[in-house]
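Undergrad: Just dropping this structure here.
The values are calculated or read from the model by the stated rules, or taken from the named source; none is laboratory data. Here the structure is a predicted model, which is why all the values come from computation and not from measurement. Using ideal geometry, Cβ is built from the backbone for each residue, glycine included, and neighbour counts are taken over all protein chains shown.
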Amino acid sequence: MFHLGIRKKITFGFYLLLVLMMGSAVLTYGIVKRVEDQVAFGEVIEDFFNTTLEVRRFEKNYFLYRQEKDFEENQLYWEKIKDLFENNAAALHLVVSSSEIQQLAREIDTYNGYMGRLHAHYLDIASGADYRGMGRAQEKLEEQVRHAGKELTEFGEKARFAVKNKIKTLLKTTQRILLVSMVCLFVSALTIAALLGRKVVNSLKILEGYTKRISHGDFVEVAVGEGEQEIRSLLTAFNRMTKELQMRQHQLVQSEKLAALGTLLSGVAHELNNPLSNISSSAQILGEEIEEDDLEFKKNLIGQIETQSDKARDIVRTLLDFSRIKECKKEKVLLKKLVNETILLLRGHAPSEVVIAADIPEDLSVIVDKQRMQQVLLNLVKNAIDAVGDNGHIWISGLGTGCGTGLDEVEIIIEDDGPGIDAEHVNRIFDPFFTTKDVGKGSGLGLFIVHDIIEWHGGSISVESRPGLGTTFIIWLPAAQQELGYE
């Protein structure tokens, strides 16, 4: 068995444990079935014993009061004893010997014979017959009845005791079988675990550790090395899966980013139109006034051209930075600047009556991948804009939290006063392909990717919402002070 592969070892161990369990189960079932039969037979013996007591009770009443109804009741219960004996004679062989059964049959008939003779004797006395020695004959008959009744009672007690002992013996046997079975199963399980080898278990633990890292977005390749063929095949397949997941995630993030770009283009075009229009107007006025001597007026026009050109350049640069495909890399970023750039992209997408306000300290920084983090902010703010409609407020705030010795994490809050999210949807909004928007207006991947990006940064995100009162997204990210040594 030591030369078998892991699959065959597991299969062999499984069948061994299965045979042991089936064997113990069959033995236990057989004994339990016998206990069940003994319990059922014990009920018959108990009924026999109780009926015997009733026979003896009416027997004594008849001795004392000599009433015909007591004799009739005595005979009725005697018939029941006879029926119980005849219907269960075969089962009685399990607890008593054949000679005792034969003796019981004689005692039953003997008892009834003595009782009939005593009844006839009492009738003779009641009729006024006068026989010599009748009193002595009565005492002898009564004594014979009592002795026969006692024999019946003793047999019932003996049978009860025998059945109880039988049940106790079977139960102890069951306990021993179960104990031996558990010991055998335990020893077999330990043996099988040892045969599988510590290296296999360690390999699976290593694989588990890599799985946890990958679940947090850290796509690493597992060293295959040497070992069992199944383990090496599993690790190789795991590496292929990791690469595929990394590629799929990159494609998913990029497709969502492109979708967001498509949505932003109309708004960005509108934002670019304003500074370009101002540039055009200022240049036209400057051309018309080129011959004039008003130098301050000309400088003012040139200043406006420069200002509006810088504004257009910033919009285009931010859009290009966001759309460019880059390798993911964390760096220290000022949060306020990142938020302002995001708002700049979304300003043209928001209706004029929607107010977007940001309250973030100038020096608050985070260690993030700038492009990915901007995608998070863009997605959340764009959702807030869609939620408030043509008139509403959106607040973006950030602050550092700590325990008195520097920042532990940065908290980012994005809040709107829109209609909110229904309670039954709150727990599902981060699920992939879940959306509350109309068909064609949402893929259901935006918040799923947001959640994935935040976890990749080692942070967390939660949502609070009450219908009619708005929605609040809260993001926690590690502060820059704790991440300066990041590689």
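Undergrad: Looking at the range 90-101, I want the residues that are under 17 Å from Leu152 (Cβ atoms) and have a partner that is of a type in the set (Gly, Ala, Ser) and surrounded by 15 or more Cβ atoms within 10 Å (Cβ to Cβ) with Cβ atoms under 6 Å, at least 6 apart or on another chain. Which pairs are those?
TA: Qualifying pairs under 6 Å: Val95/Ala159; Val95/Ala162.
Undergrad: Of these, Tyr111, Tyr122, which one is under 14 Å from Val55 (Cβ atoms) and either touching a strand residue (DSSP E or B) at 6+ places or on another chain (Cβ under 6 Å) or in contact (Cβ under 8 Å) with a residue 24 or more places away in the chain (or both)?
TA: Just a single option satisfies the conditions, and that option is Tyr111.
Undergrad: Right, another one. Residues Phe63, Phe85, Phe49: which one is under 20 Å from Glu139 (Cα atoms), touching a helix residue (DSSP H, G or I) at 6+ places or on another chain (Cβ under 8 Å) and not polar (S, T, N, Q)?
TA: The match here is Phe63.
Undergrad: Taking the criterion of being without any contact (Cβ under 8 Å) to a residue 12 or more places away in the chain, out of contact with any strand residue (DSSP E or B) (no Cβ under 6 Å at 6 or more places or on another chain) and within 22 Å of Phe161 (Cα to Cα), would at least one residue in the range 68-77 satisfy it?
TA: Scanning the range 68-77, I find no residue that is without any contact (Cβ under 8 Å) to a residue 12 or more places away in the chain, out of contact with any strand residue (DSSP E or B) (no Cβ under 6 Å at 6 or more places or on another chain) and within 22 Å of Phe161 (Cα to Cα), so the answer is no.
Undergrad: Further question: Quick one: is Gly133 modelled with pLDDT under 85 and more than 60 Å from the chain's Cα centre (by Cα)?
TA: Spelling it out, Gly133 is indeed modelled with pLDDT under 85 and more than 60 Å from the chain's Cα centre (by Cα).
Undergrad: Could you pull out every one of the strands (runs of 3 or more DSSP E) wholly within the range 352-463 that has 2 or more residues that are surrounded by fewer than 14 Cβ atoms within 10 Å (Cβ to Cβ) and at pLDDT 80 or above?
TA: So the answer is 354-359.
Undergrad: Another question, if that's okay. Does any residue of the range 164-171 turn out to be assigned to a helix (DSSP H, G or I), buried (at least 17 other Cβ atoms within 10 Å of the Cβ), of a type in the set (Val, Ile, Thr) and at pLDDT 85 or above?
TA: Within the range 164-171 (the criterion being assigned to a helix (DSSP H, G or I), buried (at least 17 other Cβ atoms within 10 Å of the Cβ), of a type in the set (Val, Ile, Thr) and at pLDDT 85 or above), the answer is no, since none of the residues qualifies.
Undergrad: Report whether or not Tyr62 is surrounded by 15 or more Cβ atoms within 10 Å (Cβ to Cβ), touching a Ser or Thr at 6+ places or on another chain (Cβ under 6 Å), farther than 22 Å from Lys164 by Cβ and touching a residue at least 12 places away in the same chain (Cβ under 8 Å).
TA: Considered against the rule, which asks whether it is surrounded by 15 or more Cβ atoms within 10 Å (Cβ to Cβ), touching a Ser or Thr at 6+ places or on another chain (Cβ under 6 Å), farther than 22 Å from Lys164 by Cβ and touching a residue at least 12 places away in the same chain (Cβ under 8 Å), Tyr62 comes out as no.
Undergrad: Just to be sure I understand the filter: pairs with C-beta atoms under 6 Å, separated by 6 or more residues or on different chains, first member in the range 40-58 and over 15 Å from Ala162 (Cβ atoms), second member aliphatic (A, V, I, L, M). Which pairs pass?
TA: Going by the 6 Å Cβ cut-off, the qualifying pairs are Thr51/Ile81; Thr52/Leu152.
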